[in-house]
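Read the figures in this text as sums done on the coordinates, not as results from a lab. Nothing here was measured: the structure is a model prediction, and the numbers come from that model. Please note: Cβ atoms are built from the backbone with ideal geometry, for glycine as well, and neighbour counts cover all protein chains shown.
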Amino acid sequence: MSMELDVFVGNTTIIYEEVYQLWLDGYSVNDAVKMRKENGALSECEASDDVLQSDTMDQYRTFQMCERLLYSPSKLANQLLFQIPAHSQTMLIERYYEFDHNFAREVLGKKLSKGTKKELDDISLKTGIALRSCRRQFDNFRRVFKVVEEQRGPLVENVQHHFLLSESLAKDYAAVVFFANSRFETGKRKLQYLSFQDFAFCAGQLISYWTVGAVDNMMEDMDVDLEKEFLHDLKELKVLVNDKDLLDQHKSLVCFQLREKIRVFTEMEANFKNLSRALINIATKLINTKDVRDLFIDLVEKG
Amino acid sequence: MPGKLKAKIVAGRHLPVMDRASDLTDAFVEVKFGNTTFKTDVCPKSLNPQWNSEWFKFEVDDEDLQDEPLQITVLDHDTYSANDAIGKVYIDIDPLLCSEAATVISGWFPIYDTIHGIRGEINVLVKVDLFNDLNRFRQSSCGVKFFCTTSVPRCYRAVLVHGFVEELVVNEDPEYQWIDRIRTPRASNEARQRLISLMSGELQRKIGLKVLEMGGNAVVGYLQCFDLEGESGLVVRAIGTACTLDKISNTHTSASATNPCNSSPSKDMKEAGFGEETPGVPLSSGPPTPLRAQTFSSFSPSKSYSRQSSSSDTELSLTPKTGMGSGGSAGKEAGPLKALLRQQTQSALEQREFPFFTLTSFPPGFLLHVGGVVSARSVKLLDRIHNPDEPETRDAWWEEIRQEIKSHAKALGCHAVVGYSESTSICEEVCILSASGTAAILSSRFMQDGTLDTEHRFEDLMPPGCGFCHIPYDELNMPFPAQLTYCHCCRRYKVPDVLFTTIDLPTEANITGKGCLIQARLCRTKKKAQGEGNATAISNLLPFLEYELHTQLMNKLKLRSMNALFGLRIQISVGENMLLGLASATGVYLTALPSPGGIQIAGKAPSDITYEQHISNMQKKINDTIVRNKELYEINPPELVEEVIGSPIPEPRQRSRLFRSHSESSDEVSELDLSHGKKDAFVLEIDDTDAVEDIHSLLTDAPTPPGFYSCNTEIMPGIYNWTSALQMFTSVRVFRLSNVNVTNQGLNKVFNDLCENLLKSLYFKLRSMVPCCLCHLNFTVAVPEDELIQVAVTAVAMSFDKEQSLENGRQIVDKTLMKAITENEEQLQFPLELTAESSSSAFCSAKGLSEVSGPLPSARAPSVDYSSFTDRCSSWIEQLRLKAHTIRRGSIKTMSSLEKASPLPEGRSRSLRSNRSYAGGSVAVVKMTPLSFLPGTKIIKYLGIINMFFIRETTSLREEGGVSGFLHSFIAEVFAMVRAHVAALGGNAVVSYSMKECVFMENPNKNQAQCLINVSGDAVIFVRESEIEAATPQPHSASAHTSSSGEGT
């Protein structure tokens, strides 16, 4: 006495966001049914448990079949298998590529390799995000990284163009890619207080000002790598510490810029010499890859 | 050599990786038609190859053009080993052969493999150049248009309805040939797909020839079916209604231009037929041109299949006398028969051996009276050996059944059968053949023979909206006991107390309230048996099964306080150890018919007090349900001064047992006319187990959730303001029975629950479209294996506007009404003209028509019927006003509870917004619906019939997500392939879509499964009505509109 087979296929594939989110979050069918029940799905249309179970199964199957297409979102628009309304397509893609910042924080700066994938168990335990969801997010990182790694032009636009994501999500991916590429160390205890968003902001700044693409607009190179020459030139900054005049001039210029813009202005002004020295020390060492990786640790420790 | 087929392979995309080493594919394409094959160059190392091939040209006979599909195979080139096939595309080029349909096939087609499913897409261009001049070409059956739609297609006008056409073709099933043991599953599947494609083409061509012979130019209500008879072979059969259609949307001048071409050749042919013997001979083998003789001689032995395949009666099939079974011998001695036929053609009445019509809705004025449902079944043993020279057994079987149907119709005083359909159910070597239809009297207007209507009594002064309910049979000499009353509308003619039909509700019918889906479900165990014993057992069970289904239907109808069934379809499916019966219909309250009485329960042993209590409880429940249903379906019939005011609670004294007394109906046949005497209340005896079951099933039918309606007819009676939101879907369930409950009752409950739960599931899934109606709910049941029950449903959910202001609603309804009426007038005008000079030259009449029709729409002399039409019109509007009131009331009542649940307004606005961006997407939206129309749109062109057959097999069932995953993706693939073909023809929708066959077999132990699906429909181009009305359509509005199929999220 059992339902051997139970399918529902519509000419138009209708995606229910609520169920999609449950699937993305890595819930099993049974858990998803439970959750939907708690959310009052049963009161709609006088449904019974069986109905909910069957509906959830159907949708999960659809998502699984769509998943293949979501690997390269541009395919979704011109595949023939499912007729999905445009707004649903956008939603499918955006949600699929959305990630938990807690999760991203854990893998930020790590090599997006099979090795790291093995750590996902621990990350799942630590963050409370289902392993299935962790895997999806990690695979997304890898996929995006692989595609844009070698591409020329602005990183955010590349991500946006290739994966049809919103700008804000593309920026977050740019940060992940940027960190993974430069392998910035973010896992140390001292850096734990910084959130993904903090790092994403830094990544944005670095991409805008320090990368090859940023320095030379004409040179259509990549946004992913830090500009070597620029880092080399940073050596010259030593004069700002060594030369008293320049130091003062630097101080006055910085203070002029920052006045009334930051809360700790007086502290900064008082400590300017020490701060400047620490920063410039870090800057001058950035020629070594090792030091680049430790950039954030150094900033926190010595800054 | 009448045609040159040209194909060009443009490009591929999303191809699968065939070379693991490089993660790429070296693809090339083989294009095959008949025995000719061309190849493209290899496009190395690409998953998105650009071939841009030259035009491959095939010079072929028109016979082949009709029979053969164009076969495109995509392969991976391999230097050292055999090339690997990626997949295939079969393109039916029939639509290109009709000048009015598509002119080019161009687009992306999914590359399909029977083992792996869809593997990438290929862009193909196909054209046909016809060598011969138009006139001669039209004499082959190429020009005949086919429609699945069971009504006159929307942009055509029926000039004449000629009648029934049928044909069947038999072959050996490749799956059962010895060679199947050594070839791969893929090769076997492809052989089968190809064979069925060939057979359908052949069938269509032969039917086309019959149509031409009858003087028609189209087949409407074309219904093609497969019988997979296993070892005894494969039967492809089709029935349809031959018509002469005329395009409406064209300007009248162009109509007159095409007319001569359409009708004159057939006219010529007829004359030839009447003439001397010599021209008569080539006639019987096809149109009398030397060209045809050539093609005839190449009735090729080269084609391996044609050795086996054979039509029912090749020679005979060309005669206007359709369906003459007993072919073989008759065909061989065609001479005397032809002489006979000539006589028959003269007497048009006799010509119509089977006055059957596969149509379910008709031009107004065509359907005069409806007698009731007629059906016939017979159980046959499939014979193992198939002598290709004697394929007539199948024909004889159907012939027998059709005769039966015809005599039933006669018994009901009717001369025609409408809404006619045929079906089979096969289990091992036993086959149940069924046919059913609705006995009716038709107006002679659309038929050539004017003889019939002399018998006709109330031809004139037909009161609108109730005429078809009036009994066609003699009151004093009734074929069955029925309770007659005077019609509640016109009070002049007698009407029966209930009316069962297989057709759609006529547009002019007056109804009260809304309709609903009514199903009777039944499961009966049967002992396992072999051969003749099995057949006997089944035929003994059948009458009981039908009787009980009928009882159930009647009870459920009463419970809903309704008095008529439309679209009745009874399906009986046979398995090894059980018989399944499923009857579906749409119940309505016809205003013309008397109000139904209640249902009364009677106990046999009234002594017991608890028992009495039990009964009275049940009685109360039933009465409550009736009251509730009346409210739900808004059935408030005008309180007439009728003697029969059915008190739902009849006095307990009435305890007649007439209900069980009718079972001695003839064995293979049931006329669904079981009556119930003069009582206004239906009496159920509770003592026998059957009655308990009946009551149980009565009460277990859950009402549809608020906001939902359901019906199995085209549209829901009582709902008018459809929005454009629609969702066509297919749902399949297979239930495995355990050994425990093999009792009848247990089985019944299982089956009943299966159907009920399926419906519940559908409501839940479509909740975002509320308020909506599930239309054309088409259930098919099967017993694929010993303990499996399979139920498949295809239907469309359509939203309607509840909130729409009364003003608006009325306007729209009025407008469509007016439009319908004006169209009717136009439609009627022609036949009137034609019948006047029916026997004279069609050419002349066509010319005459064009003259008349020029000034037709505006300044036209009022026709005879005009006044009655306006009458009807105004009374309609009056009635609709009433209806609009009730609709509004209903909406107020339920809206508060719905507001939260339904995200529709928001969803809709969103989809509107995003439409524009979607239009930019590369895949055109193709709508699909089982109905013959799309609400809010006008179909401007029919592009041809879609008739596709697919097999999918897997040997890695678990990896594909089990049986559900396997079937889910297969159905999605079938949809995708249908959409792609329609889009390539230049269409944006499929109407009258149906899934004819879904045969699913599994072997979980071997990790294998196989499924066969056959779908059909009409590819069309539609435009929004709003666009037609707007004088200046915006440039991109068309695409934006067509892409709005996604509403309802």
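Using a 10 Å cut-off around each Cβ, can you sort A:ARG68, A:ARG135, A:ARG143 from fewest to most neighbouring Cβ atoms? All intermediate terms of the calculation are to be shown ahead of the outcome.
Details: A:ARG68 11, A:ARG135 14, A:ARG143 17.
Taking fewest neighbouring Cβ atoms as first place, the list is A:ARG68, A:ARG135, A:ARG143.
Can you tell me the relative contact order of the stretch A:48-199? Whole percent, Cα pairs under 8 Å, sequence separation 6 or more. Show your work: numbers first, answer last.
On the way: 116 pairs, mean separation 45.2, N = 152.
Contact order relative to length: 30 percent.
What pairs from A:LYS34/A:LYS114; A:LYS118/A:LYS146; A:LYS171/B:LYS45; B:LYS39/B:LYS941; A:LYS146/B:LYS88; B:LYS32/B:LYS1006 go past 26 Å between their alpha carbons?
Numbers: A:LYS34/A:LYS114 34 Å; A:LYS118/A:LYS146 19 Å; A:LYS171/B:LYS45 34 Å; B:LYS39/B:LYS941 35 Å; A:LYS146/B:LYS88 33 Å; B:LYS32/B:LYS1006 35 Å.
A:LYS34/A:LYS114; A:LYS171/B:LYS45; B:LYS39/B:LYS941; A:LYS146/B:LYS88; B:LYS32/B:LYS1006, as the Cα separations exceed 26 Å there.
Neighbour counts of other C-beta atoms within 10 Å: give me A:LYS273, A:LYS251 arranged from fewest to most.
On the way: A:LYS273 13, A:LYS251 17.
Lowest to highest Cβ neighbour count: A:LYS273, A:LYS251.
Using a Förster distance of 30 angstrom, determine the FRET efficiency expected from the C-beta separation of B:VAL104 and B:THR36, and round it to 0.05. List each step's numbers first, then the result.
Working: r = 21 Å, r/R0 = 0.69.
After rounding, the FRET efficiency stands at 0.90.
Sorting B:ASP67, B:ASP801 on the 10 Å Cβ count, fewest up front, what's the list? List each step's numbers first, then the result.
Values: B:ASP67 24, B:ASP801 18.
Going from least to most buried by this count: B:ASP801, B:ASP67.
Could you work out how much longer the chain between A:ASN39 and A:GLN197 gets when fully extended? Use 0.36 nm per residue separation minus the Cα distance between them, nm to one decimal.
Value of the extension gain: 53.8 nm.
Mind checking B:104-110 for the average number of partner chain beta-carbons within 10 Å of each residue's beta-carbon? Kindly include the intermediate steps, with their values, before the conclusion.
Working: counts 0, 0, 0, 1, 3, 1, 3.
Mean shielding count: 1.
Using label points projected 7 Å from each Cα along Cα→Cβ, tell me how many nm separate B:SER956 and B:ASN1007, to one decimal.
The two pseudo-label positions are separated by 0.9 nm.
Normalising by the residue count of chain A, find the relative contact order in percent from Cα pairs under 8 Å and 6+ residues apart. Please report the intermediate quantities before stating the final value.
Working: 314 pairs, mean separation 46.0, N = 303.
Across chain A, relative contact order equals 15 percent.
Tell me, in nm to one decimal, what length is gained between B:ARG181 and B:GLN403 on full extension, where the rule is 0.36 nm per residue of separation less the Cα-Cα distance?
Numbers: separation 222, 0.36 × 222 = 79.92 nm, distance 4.18 nm.
Extending this stretch completely gives an extra 75.7 nm.
Along the Cα→Cβ direction, 7 angstrom out, place labels at B:HIS614 and B:ASP474. What is the inter-label distance in nm?
4.9 nm
B:ASP786 versus A:ARG277, label points 7 Å from Cα toward the beta carbon: distance in nm?
Here the modelled spin labels are 9.2 nm apart.
Per 0.36 nm of contour for each residue apart, how much would the distance between B:ASP753 and B:GLN483 grow if the chain were fully extended, relative to their Cα-Cα spacing? Don't skip to the answer; put the middle values down first.
Details: separation 270, 0.36 × 270 = 97.20 nm, distance 3.44 nm.
93.8 nm is the gain from fully extending B:ASP753 to B:GLN483.
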